[in-house]
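Structure, as structure tokens:
Taken together, the values in this text are just the output of simple stated rules run on the coordinates, not laboratory data. Quick caveat: nothing in here was measured; it's all calculated off a predicted structure.
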């Protein structure tokens, strides 16, 4: 599976670029022109994103980690690869969004 940055807001996990675009087009009801113009491309699985406490084990919550407080929620960085492994979800799906 691969991670694709669809635009400045959403990132999708899919088996191919075509699958990511088809899923995203249906999911957010975007037209073909906007989809093409906004599409950024493949993202490294080692790139980090911020996740909430629900993604961590109880042990990880007590370990020294980098934390940020975003609007009252404690977030920590985790790679896309780690998040995908923990979610163990069938593609395609939105893995991150700055709209949430």
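Take the Cα radius of gyration of region 2-97 and divide it by 2.2 N^0.38 Å, with N its residue count; two decimals is plenty. If you can, show how the numbers build up before the last one.
Details: Rg = 14.7 Å, N = 96, 2.2 N^0.38 = 12.5 Å.
The reported ratio for this selection is 1.18.
Of the residues 88, 15, 69, which exhibits the maximal mean-square fluctuation in a Gaussian network model of the chain defined by a 10 Å Cα contact cut-off?
Highest fluctuation among the options: 69.
Which residue, 27, 39, 70, has the most motion in a Gaussian network model of the chain that connects Cα atoms within less than 10 Å?
Of the options given, 70 has the highest mean-square fluctuation.
Compute the angle between helix 17-28 and the longest alpha-carbon principal axis of the chain, please, reported from 0 to 90 degrees and rounded to the nearest 10.
Approximately 80 degrees, to the nearest ten.
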